[in-house]
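Q: Just passing along the structure, written as structure tokens.
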Amino acid sequence: MAVIARNSLSGQGARTITRTTMTSSDTMTYIEGAGEILVLSNDTGGALTVVIDGDGASAAFPVAGVGTVNLSAGYSTGAIGAGVTVAIPLDTIREYLRGTIALTGGTGIKASILTA
């Protein structure tokens, strides 16, 4: 189990980004409203789907115009193809990130969190 690396982009000039190689189950921390971005780079040979699951996510979350949505299964990235990098602005999925956050399904993906 690895903790996804957090990288600050504050200041001037180039930054070295630390990436964490994901295992079968990893963790991360999230600071709401901080503009954090989770970057997932699939350097493996096949498509992988990462599920991001906060253990405090609601089983009955009201969404205007939709109704009640169950968030307890976590946020799925969908298949991330080999050689593909995706970026997820974490504030856009904040309701999935309540409590202790686990990331599964991404064995071999390189992950990092970028902060301002």
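Q: Given the options Gly83, Gly56, Gly35, name the one that is assigned to a loop (DSSP other than H, G, I, E, B), open to solvent by less than 50 Å² (accessible area, probe 1.4 Å) and at pLDDT 95 or above. Don't jump to the end; show me each part of the working.
A: Values: Gly83 fails: open to solvent by less than 50 Å² (accessible area, probe 1.4 Å); Gly56 fails: at pLDDT 95 or above.
Being assigned to a loop (DSSP other than H, G, I, E, B), open to solvent by less than 50 Å² (accessible area, probe 1.4 Å) and at pLDDT 95 or above holds for just one of Gly83, Gly56, Gly35, which is Gly35.
Q: Can you report the number of residues in the range 100-116 which are over 12 Å from Val51 (Cα atoms), at pLDDT 95 or above and either open to solvent by 60 Å² or more (accessible area, probe 1.4 Å) or in contact with a helix residue (DSSP H, G or I) (Cβ under 7 Å, 6 or more places away or on another chain) (or both)? I'd like the intermediate steps shown before the answer.
A: The initial filter retains those residues of the range 100-116 that are over 12 Å from Val51 (Cα atoms), namely 100, 108-116.
Subsequent filtering for residues that are at pLDDT 95 or above retains 100, 108-115.
From what is left, the residues that are either open to solvent by 60 Å² or more (accessible area, probe 1.4 Å) or in contact with a helix residue (DSSP H, G or I) (Cβ under 7 Å, 6 or more places away or on another chain) (or both) are 100.
Total meeting the criteria: 1.
Q: Please enumerate the residues belonging to the range 10-28 that are over 8 Å from Ser112 (Cβ atoms) and open to solvent by 80 Å² or more (accessible area, probe 1.4 Å). If you could, list the steps in order and put the result at the bottom.
A: First, the residues of the range 10-28 that are over 8 Å from Ser112 (Cβ atoms): 10-16, 21-28.
Within the range 10-28, Gln12, Ala14, Thr16, Ser24 meet the criteria.
Q: Also: Identify all residues within the range 20-32 that are under 14 Å from Gly105 (Cα atoms) and either not in a loop (DSSP other than H, G, I, E, B) or not β-branched (Val, Ile, Thr) (or both); write none if there are none. Break it down stepwise before answering.
A: Step one: of the range 20-32, the residues under 14 Å from Gly105 (Cα atoms) are 21-27.
Thr21, Met22, Ser24, Ser25, Asp26, Thr27 - these are the residues of the range 20-32 that are under 14 Å from Gly105 (Cα atoms) and either not in a loop (DSSP other than H, G, I, E, B) or not β-branched (Val, Ile, Thr) (or both).
Q: Among the residues in the range 68-76, are any in contact (Cβ under 8 Å) with a residue 12 or more places away in the chain, open to solvent by less than 60 Å² (accessible area, probe 1.4 Å), closer than 13 Å to Ala111 by Cβ and assigned to a loop (DSSP other than H, G, I, E, B)?
A: No, there is no match, as no residue in the range 68-76 is in contact (Cβ under 8 Å) with a residue 12 or more places away in the chain, open to solvent by less than 60 Å² (accessible area, probe 1.4 Å), closer than 13 Å to Ala111 by Cβ and assigned to a loop (DSSP other than H, G, I, E, B).
Q: For residues that are of a type in the set (Val, Ile, Thr) and open to solvent by 50 Å² or more (accessible area, probe 1.4 Å), tally how many sit in the range 86-99.
A: Taking the range 86-99 first, the residues of a type in the set (Val, Ile, Thr) are 86, 88, 92-93.
From what is left, the residues that are open to solvent by 50 Å² or more (accessible area, probe 1.4 Å) are 92.
Of the residues in the range 86-99, 1 are of a type in the set (Val, Ile, Thr) and open to solvent by 50 Å² or more (accessible area, probe 1.4 Å).
Q: Which of the residues belonging to the range 2-17 are outside any strand (DSSP E or B), closer than 22 Å to Thr100 by Cα and in contact (Cβ under 8 Å) with a residue 60 or more places away in the chain?
A: Step one: list which residues in the range 2-17 are outside any strand (DSSP E or B), which gives 2, 4-5, 9-17.
Still in the list and also closer than 22 Å to Thr100 by Cα: 2, 4-5.
Passing the criteria: Ile4, Ala5.
Q: Moving on to the next point. I'm checking my understanding of the structure. Among residues of the range 80-100 that are of a type in the set (A, V, I, L, M) and over 14 Å from the mean Cα position of the chain (by Cα), which one is nearest to Glu36 (Cα to Cα)? Show your work before the answer.
A: Step one: list which residues in the range 80-100 are of a type in the set (A, V, I, L, M), which gives 80, 82, 84, 86-88, 90, 93, 97.
Then drop every residue that is not over 14 Å from the mean Cα position of the chain (by Cα), which leaves 82, 84.
On the way: Ala82: 24, Val84: 20 Å.
The selected residue is Val84.
The values are calculated or read from the model by the stated rules, or taken from the named source; none is laboratory data. Here the structure is a predicted model, which means the values were calculated and not measured. As a convention, Cβ positions derive from the backbone with ideal geometry for all residues, glycine included, and neighbour counts pool all protein chains shown. Protein only, heavy atoms only, side chains kept; ligands, DNA and RNA dropped before computing areas. Shrake-Rupley method; radii C 1.70, N 1.55, O 1.52, S 1.80 Å.
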